[in-house]
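Single-structure report; data block below.
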Amino acid sequence: MREKYILRCTECKNENYIGKNDKKKEKIEVKKFCSNCNKHELHKQKK
Ligand SMILES: [Zn+2]
């Protein structure tokens with residue numbers, strides 16, 4: 001069973017990425033490029 005998740009920029013709260021959860025993780029935190037901040041920021045999974 002796969003769940004979709006949304007990665008949100010921790011700086012501007014912009015929802016930038018949507019992915020699929022293959023493994024069950026409690027938290028997903030990745031550093032990705034935010035087009036709103038125009039730089040790499042930490043993105044966290046929206047709950
Ligand atoms: Zn941002």
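The values are calculated or read from the model by the stated rules, or taken from the named source; none is laboratory data. Note that the structure is predicted; figures quoted are calculated from it, not measured. Virtual Cβ from ideal backbone geometry, glycine too; neighbours counted across all protein chains shown. For the accessible areas, the whole protein counts, side chains as well, though only heavy atoms, and no ligand, DNA or RNA atoms are used. Shrake-Rupley method; radii C 1.70, N 1.55, O 1.52, S 1.80 Å.
I'd like the full set of residues that are touching a Cys at 6+ places or on another chain (Cβ under 9 Å) and surrounded by fewer than 15 Cβ atoms within 10 Å (Cβ to Cβ), limited to the range 15-32.
Glu15, Lys32 - these are the residues of the range 15-32 that are touching a Cys at 6+ places or on another chain (Cβ under 9 Å) and surrounded by fewer than 15 Cβ atoms within 10 Å (Cβ to Cβ).
Which pairs do you get when a residue that is among the aromatic types (Phe, Trp, Tyr), found in the range 32-47, comes within reach of a residue that is open to solvent by 90 Å² or more (accessible area, probe 1.4 Å), reach meaning Cβ atoms under 8 angstrom, with the pair 6+ apart or on two chains?
Phe33/Lys39; Phe33/His40
Working carefully through the options Lys47, Lys39, Lys13, find the one that is at positive phi and out of contact with any strand residue (DSSP E or B) (no Cβ under 7 Å at 6 or more places or on another chain).
Within the list Lys47, Lys39, Lys13, the selection yields Lys13.
Among the residues of the range 17-32, is any hydroxyl-bearing (Ser, Thr, Tyr) and either at pLDDT below 90 or touching a Ser or Thr at 6+ places or on another chain (Cβ under 8 Å) (or both)?
Checked the range 17-32: no residue is hydroxyl-bearing (Ser, Thr, Tyr) and either at pLDDT below 90 or touching a Ser or Thr at 6+ places or on another chain (Cβ under 8 Å) (or both).
Out of everything in the chain that is within 11 Å of the ligand (Cβ to nearest atom) and of a type in the set (Lys, Arg), what residue ends up being nearest to the chain's Cα centre (by Cα)?
Arg8
Filtering the range 33-47 down to residues that are part of a strand (DSSP E or B) and of a type in the set (A, V, I, L, M, F, W, C), which residue is least open to solvent (accessible area, probe 1.4 Å)?
Here the residue is Cys34.
Looking at (1) surrounded by 10 or more Cβ atoms within 10 Å (Cβ to Cβ); (2) part of a strand (DSSP E or B); (3) of a type outside the set (Asp, Glu), can you tell me which one Lys4 breaks?
(1)
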